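K.L.:
Please read through the structure below; I'll follow up with questions.
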């Protein structure tokens, strides 16, 4: 059970939200979809007395500004999957979202931004956002700032959010040619390894981003596809171990997953 | 077809044939087969489980558990917890010994010559496993109880711990129990003939090692209990348990309360599987807490607490010697079971059937199996469907496939050549008096159901394309209905049938339902005897105030014991009502038939009475109307399968299990050799549990058992951290049970070889499927890996273990 006497806050503006987060720093959690937060609070893995709900900030939108697509912090996997415009422009997001476990109960409640802020290595979205070269738009007590997803993801379960800060949205550009591969043990398993392959529209070059292999995603730019195995082996220096699989296994299949994502891109992407 | 088998308790009117064989064609679903009577409640969320019970003034308990695998407790300071707002009581081990006596075991190891220890509901001076209860808090809300629990201060002196069973057997291993010489609870030998000699002289020998990683049954509903002391001093105890009566007896002893002043109620279970055998510390603990707090107290097992409990972890080293024809000459298996730190729970004894089930369905006169129960500082075992028998199945089925591989013979043919043939039953085979069997018939039927030939064809084609399909054939012999005299695990049970004046009927039985549907079947059986609709029969289970003393649910016993007893009771009532109706209708009692809610003369159908009128008349006119001499329409009977040898016979043979259902399984998997990921493509099974009363419920049991077997073989694992000495899998994201998308639709078919020893010809169907599924997965994965020369003998057969096996073979 949640063991603290929780105080629930629902700010109406971004400024109010940042002020609350700064005021209660160290003793406050952000509530997005809550699909990670609530189980963690129930198990007392997170022990805070304040919860700040983002629900009142109208962050559940997908906005298409020309070449930039801004996806709000409260946009759920279901929102992602049901947007035909997004499926056409950034198919990788919907593709990965469709493979997330938990069915419609999770899909309708869990948010992509939440998954990225949680940054658990065994998950899909950190790798996907790094593959898309996404930008995180963050609001703090001094206003807005932007940072690339790869800079945002510091280490396992750690992201670059300072006191008073929360993610408002993330921005991506259209990427038409993609491939995705994900290895899990069984349906209930979180990802053991993921790979997102994207082809740069301008240069035609393929980049593959490995997720769940290490604490944070690894992006590999490929000049020569023949060098893939070598580049993967060089890049995987500290494979991630968790209760479902040891690092040695993740390292062993990193090349396989990368190759399959590229194959997927070449065949279907 | 009729089978003429003498049965000592059949009523003379029935003759000696098993009645159901005349009543219906075996393979058809009877048209009067009722739907599960509580199905609507379950499907609409209206069914009541333990947590739905909320007595007035209910308080909540939280338990502080040891963070260390082995330590001395120096001090326990409850003061901060006791001062926390909303806290009503707190208890440590030192105080608890005054309130709760030593705990009786579910099955006492001393009964079979093993070592034991005295266990208390809260640790007093030593903790021996991470998770062991050390203290408890009761508060008005569960959240407050948990928060207060976090404030309890315990000082420990860490002691060396051992988690690995082989390490625990080394001479310098830390002792789990300081009063023992070593960490061996007991060693169970099963031997006939001269296995070592036969193997030494055999033309071929294959040896191997099989490791089964620790896993459990993962019931959907975890354990829980509620204790409430009434003003009269009566204790009412609700528990999500499979054995309410033994709990009552044990509580009486532990709490020093007369047994008649205790009522135990077992509500419906959301899964039992042996996890809910009695013997847990929380049972008396919650009673003590309730007494202290002066109010009802509820404790619910969290998922993390549930995942502490182990239920199997074994290592096998086996050898089999065989001829050019694939016939086994001799086999050995040295089995080590890591039973964790012993408690009074119902699991350690699974090491016994692990060995006893050898040589399974095979005619092997020379075998030597030794099964050892080794204690370590892991959390203990409770029971788990299969109860160790799956160990024998996995090793035997691997042997059959390995023999086939060695001789380039189809493993199906190897089995055929080794089966005990159908003509010899009943048959003595090493500590088992096998009742009946047609093993080859079941296997053939399964192969046909699976399209075995076509599967091999697809496999060959796939191999050409570089894909690795694996076909796993497995046969499972599942001893059921065990009786362990001296314990509360008995092979008989008791039922009362009571007819009311309005013709309604109540059955009160000592067997409980863990969700199998046996209450529906028992109602159906009684209704069938008395010719009334099933809906007119109520079945009361799980209430020690109402039901005759019974042993609950385990070992697939409910129909063979409680169901049969209810049938016998119903028949005697029918005899009494026949006598009354004969007087009222002026005809012979033997002329009367009970059907369609009527009692009717067969020779003159105009002579007929409503069943309810006969009942009503008995109550209103017995002992007044001449001829109506029997006023009591209530009968209590005991029954059991009649195939026990609980005292060694002249040849020293002993058999504690009376019933032997069996099943044949064929599985098709697709193995991705680059990642080690297994996908289960197809699954077929043929089950023979003798006469089947409720085909849908038997199918339901098979679906569940096969799913558990697949999960245990491929994904489920409870790893331990060598540094902290504690379990790592704490949620269902860590402990991967199969979900719907992981499993194909199972194809099931049945064969019926009745038991000659049970009233109804049944054998029990609660466990069949687990062993076969585990063995089928093991064989399927190894079959897929054969072209690579790889053997995978580390369960779970998850991707990393399979990939590691592939890597090892390359070196």
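Values quoted throughout were computed directly from the atomic coordinates according to the rules given, and no laboratory measurement underlies them. Please read all numbers here as calculations on a predicted model, not as lab measurements. Positions of Cβ are backbone-derived with ideal geometry, glycine not excepted, and every protein chain shown enters the neighbour counts.
K.L.:
For chain A, how big is Rg over Rh, using alpha carbon atoms and the Kirkwood form of Rh? Each step should come with its number before you reach the end.
P.N.:
Numbers: Rg = 18.3 Å, Rh = 18.9 Å.
Looking at chain A, the ratio lands at 0.97.
K.L.:
Calculate the spin-label point distance for residue B:324 paired with residue B:646, positioning each point 7 Å from the Cα along the beta-carbon direction, and give it in nanometres.
P.N.:
Spacing of the two 7 Å Cα→Cβ label points: 5.1 nm.
K.L.:
Here's another thing I want to ask about it. Going from the alpha-carbon gyration tensor of segment B:209-307, what semi-axes, largest first and in whole Å, does one get by taking the root of 5 times each eigenvalue?
P.N.:
28, 14, 12
K.L.:
Something else now. Compute the helix-to-body angle for A:247-268: its Cα long axis versus the longest principal axis of chain A, expressed 0 to 90° and rounded to tens.
P.N.:
70 degrees
K.L.:
Across peptide A:3-16, what mean number of C-beta atoms from other chains lies inside 10 Å of a residue's C-beta?
P.N.:
Details: counts 11, 2, 3, 1, 0, 0, 0, 0, 0, 0, 0, 0, 0, 0.
Per-residue shielding by partner chains comes out at 1.
K.L.:
Please give the calculated 222 nm ellipticity per residue for chain B, where each DSSP H segment of at least 4 residues contributes -39500 (n - 2.57) and the sum is spread over every residue; nearest 500 deg cm²/dmol?
P.N.:
Helices in chain B give a 222 nm mean residue ellipticity of -8000 deg cm²/dmol.
K.L.:
Would you mind classifying segment B:285-348 by shape? Square roots of the alpha carbon gyration tensor eigenvalues, ordered a ≥ b ≥ c; an a/c under 1.5 is rounded, otherwise it is prolate if a/b is larger than b/c and oblate if not. List each step's numbers first, then the result.
P.N.:
Working: a/c = 5.11, a/b = 4.39, b/c = 1.16.
The shape class here is prolate.
K.L.:
OK, next. How would you rank B:587, B:547, A:181, going from fewest to most other Cβ atoms within 10 Å of each one's own Cβ?
P.N.:
Working: B:587 18, B:547 24, A:181 21.
Ranking B:587, B:547, A:181 by Cβ neighbours within 10 Å, fewest first, gives B:587, A:181, B:547.
K.L.:
Another one. Going by how many other Cβ atoms sit within 10 Å of their own, how do B:232, A:155, A:186 line up, fewest first?
P.N.:
Details: B:232 7, A:155 11, A:186 25.
In increasing order of surrounding Cβ atoms, one gets B:232, A:155, A:186.
K.L.:
Once Rh for segment B:675-804 is found with the Kirkwood sum over Cα pairs, what is the Stokes-Einstein diffusion coefficient at 4 °C and 1.567 mPa s, in µm²/s?
P.N.:
Reported coefficient: 78 µm²/s.
K.L.:
Mind checking the log10 I(q)/I(0) for segment A:118-191 at q = 0.11, 0.14, 0.24, 0.26 Å⁻¹? Debye, one equal scatterer per Cα, no solvent, two decimals.
P.N.:
Treating every Cα as an identical point scatterer, log10 I(q)/I(0) equals -0.33, -0.52, -1.13, -1.22.
K.L.:
So, one more: With every atom except the alpha carbons ignored, what do you get for Rg and Dmax of the protein assembly as shown, in angstroms?
P.N.:
For the protein assembly as shown, the Cα radius of gyration and maximum Cα-Cα distance read 31.8, 108 Å.
K.L.:
Computed from the mean reciprocal separation of all distinct C-alpha pairs, what Kirkwood hydrodynamic radius does segment B:500-625 have, in Å?
P.N.:
The answer is 15.3 Å.
K.L.:
Moving to a separate point now. What are the semi-axes of the equivalent ellipsoid of chain B, taken as the square roots of 5 times the eigenvalues of the Cα gyration tensor, listed largest first and rounded to whole Å?
P.N.:
The equivalent ellipsoid of chain B has semi-axes of 43, 39, 23 Å.
K.L.:
Between segment B:240-314 and segment B:395-473, what's the alpha-carbon centroid distance in Å?
P.N.:
Between the Cα centre of segment B:240-314 and that of segment B:395-473, the gap is 42 Å.
K.L.:
Need one number: % antiparallel among DSSP beta bridges in chain A, to the nearest 5.
P.N.:
About 85 percent, rounded to the nearest 5.
K.L.:
Also, quick follow-up: What 222 nm value per residue comes from the helices of chain A, counting each DSSP H run with n ≥ 4 as -39,500 (n - 2.57) and dividing by all residues, nearest 500 deg cm²/dmol? Can you show the working numbers first?
P.N.:
Values: 11 runs with 89 residues, N = 269.
Result for chain A: -9000 deg cm²/dmol, rounded to the nearest 500.
K.L.:
Continuing with this model, one more query. Please order B:280, B:717, B:549 by the number of other Cβ within 10 Å, starting at the fewest. Don't skip to the answer; put the middle values down first.
P.N.:
Working: B:280 28, B:717 24, B:549 14.
Exposure proxy ranking, most exposed first: B:549, B:717, B:280.
K.L.:
Something else about it: Rg (Å, one decimal) plus Dmax (Å, integer) for the alpha carbons of segment B:263-420?
P.N.:
In Å, with Rg to one decimal and Dmax whole: 20.9, 74.
K.L.:
For segment A:147-269, taking Cα atoms only, what is the radius of gyration to one decimal and the Dmax to the nearest whole Å?
P.N.:
15.2, 46
K.L.:
Give me log10 I(q)/I(0) at q = 0.10 Å⁻¹ for segment B:358-447, Debye formula, one equal scatterer per alpha-carbon, no solvent.
P.N.:
-0.34
K.L.:
Evaluate peptide A:186-197: per residue, the Cβ atoms of other protein chains within 10 Å of its Cβ; return the mean as an integer.
P.N.:
5
K.L.:
If you take the square roots of the eigenvalues of the alpha-carbon gyration tensor of segment A:12-126 and sort them as a ≥ b ≥ c, do you get rounded (a/c under 1.5), prolate (a/b over b/c) or oblate?
P.N.:
oblate
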